[in-house]
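The structure under discussion appears below in the form of structure tokens.
The values are calculated or read from the model by the stated rules, or taken from the named source; none is laboratory data. All figures in this text were calculated on a predicted structure; none of them were measured in a lab. Methodologically, a virtual Cβ is constructed for each residue, glycine included, from the backbone with ideal geometry; neighbour enumeration extends over all protein chains shown. Ligands, DNA and RNA are excluded from the accessible area calculation, which covers all protein heavy atoms including side chains. Shrake-Rupley method; radii C 1.70, N 1.55, O 1.52, S 1.80 Å.
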Amino acid sequence: MSSRGLLHSICTTLPRYIAKQDIIFSSVGIDKLFTYPYFFMPQVALDRALGQTLINEASAVLTTRTYQKYVAEHLAKNLDNIDAYIAISGSGFKGGKFMIDHGKAYCFDRGSTEITHQLNVMQMLHDQLRLPCRKVAGWLIENETKEASIATAITVPSSYCKQTFIDKGFSSAKIHVIPYGVNLTEFYRDQCLKSTSRNQLIFCGQFSIRKGAHVLVDYFGKSPYNGIRLSVVGSVNPNISKLFGDTSIANIDFHGVVPRSRVRFYMQQAKALILPSFEEGLALVMLQALACGVPIIASIQSGATEYIRDGYNGFILEDISTQAIDQAIRRLYSQTDEEEEAMSENCLASVNDIGGWDSYGQHWVDLINKIT
């Protein structure tokens, strides 16, 4: 929006000094950046110190209420110069309602599946594994539901996400799929980094039960096909330690959180990226891997069908189980060198078809023009 001269302002709960360090905010003029961190930063501190408590939930509600009021007042002051308001889910009801009431557009942007669907999936997983599931304040759930109901448009990153809204009774015509882009200057294929053995797969992101980490531990911790190993790049959710003890698990190498430049290095060392998520909007790491020429093994619930064609640039897990993972891995390793190279080329072709973040921005411009 900024590069097209269409951005009026950005409101954020981040402090200005932190926001300006972000690659997105840093490209926006300081006069367009409006910050309201007064309740959000204490909330983050409480969350880290206390974990899930009633105090934290009350803090989250207070942060949301006050931030919504701040944004609504900002919109009121600048109404004549703003045609559309895009808000991340959970933050936009007051401002969105104000815009709707004044004949303007409000986009409810949700990066994950519909909130009650998401919470039901998480509750089911935690119940199956006999783990406590973090509760979300009822007010926050009701707030998101109202946002989606009044919005001019609901935007989601994948068709899978869209279906979860349709299943909850929202009109298909109101829901617009805008898949993410990828920074091709950060992620690209480098043959010099390509490992000769490629006897490993990679997982990128938070290693959590939401992303199927427990299924991966079950598979790789026993006797994985061909003795392959799994590299985990990212943080490890505490629930994994509760289930399996420390992170010394057979056939899995934990590298922790690394700079983005190192993520590309680990991707290039792997035969494929694996992501058996139970619930997700659209995992950006899939695009990053494709840009490196690395095929994907992923569940439908990860949003993979937005990018991945089974057998062309990766493999789709029809169900999330050790059996399905084993079958996909066997298909991957049954390829000849020529077939492997062809799949890598297909990965690169897929990224070229999708385009970078500029293409993502154009999709937004097209939608805004349509609804205004």
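Here is how the numbers come out for the structure above:
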| quantity | calculated |
| --- | --- |
| Cα-based equivalent ellipsoid, the stretch 167-290: semi-axes from gyration tensor eigenvalues, Å | 26, 22, 13 |
| Computed magnitude of the charge dipole of the stretch 141-261 (debye, nearest 20; Cβ of K, R +1, Cβ of D, E -1) | 260 |
| Percent accessible area from carbon and sulfur atoms, the chain, protein chains only, probe 1.4 Å | 52 |
| Solvent-accessible area per residue, Å², over the chain with all protein chains present [probe radius 1.4 Å] | 46 |
| Lysines with Cα under 29 Å of LYS69, excluding same-chain neighbours fewer than 8 positions away | LYS20, LYS32, LYS77, LYS94, LYS97, LYS104, LYS135, LYS146, LYS162, LYS168, LYS174, LYS370 |
| Share antiparallel - DSSP beta bridges, the chain, percent rounded to 5 | 0 |
| Selection from SER149, MET267, PHE39, by position along the positive dipole direction of the chain (Cβ) | PHE39 |
| Around LYS168: net Lys/Arg minus Asp/Glu count, Cβ-Cβ under 15 Å | -2 |
| Most to least packed among 72-78, 8-14 [average Cβ atoms within 10 Å] | 8-14, 72-78 |
| At R0 = 45 Å, FRET efficiency that the Cβ-Cβ distance of ARG331 and GLU73 yields, to 0.05 | 0.20 |
| C-alpha center-to-center spacing [the stretch 243-295, the stretch 49-118] in angstrom | 32 |
| Per-pair calculated FRET efficiency, R0 = 25 Å: SER359 and ASN81 via Cβ, rounded to 0.05 | 0.40 |
| Proximal aspartates and glutamates relative to LYS211, as straight alpha-carbon distance under 19 Å, when same-chain residues fewer than 8 apart are discounted | GLU114, ASP127, ASP246, ASP253, GLU279, GLU280, GLU306, GLU318, ASP319, ASP326 |
| Span-like helix ranges in the chain, DSSP H, alpha carbon extent 30 angstrom or more, Kyte mean at least -0.5 | 54-77 |
| Relative contact order computed over the chain (Cα-Cα under 8 Å; 6+ residues apart), in percent | 14 |
| Potential lengthening between ASP167 and SER321 on full extension [0.36 nm per residue; Cα-Cα distance subtracted] | 53.0 nm |
| Surrounding net charge for GLN269, when Lys and Arg each add one and Asp and Glu each subtract one, Cβ distance under 12 Å | +4 |
| Charged-residue dipole, Cβ positions (Lys, Arg, Asp, Glu), the stretch 1-155 about Cα centre, Debye nearest 20 | 240 |
| P(r) histogram, all alpha-carbon pairs of the chain included - 10 Å bins from 0, percent | 5, 21, 31, 27, 13, 3, 0 |
| Order by protection proxy (mean Cβ within 10 Å, highest first), peptides 125-133, 357-365 | 357-365, 125-133 |
| Centroid-to-centroid separation of the stretch 155-228 and the stretch 330-345 [C-alpha atoms, Å] | 19 |
| Spacing of the two label points (7 Å from each Cα toward its C-beta) at THR66 and LYS370, in nm | 3.8 |
| For the chain, size of Cβ-based charge dipole, Lys and Arg +1, Asp and Glu -1, in debye | 920 |
| Spacing of the two label points (7 Å from each Cα toward its C-beta) at ASP127 and LYS146, in nm | 2.8 |
| Peptides 28-38, 321-331, 335-345 ordered by average Cβ neighbours within 10 Å, highest first | 321-331, 28-38, 335-345 |
| Extended-chain gain in nm, criterion 0.36 nm per residue less alpha-carbon gap, TYR312 and VAL258 | 16.5 nm |
| For the chain, with +1 on Lys and Arg beta carbons and -1 on Asp and Glu, the positive-most of GLN323, LEU129, ILE18 along the dipole | ILE18 |
| Over the chain: helical MRE at 222 nm, DSSP H runs n ≥ 4 each giving -39500 (n - 2.57), nearest 500 | -13500 deg cm²/dmol |
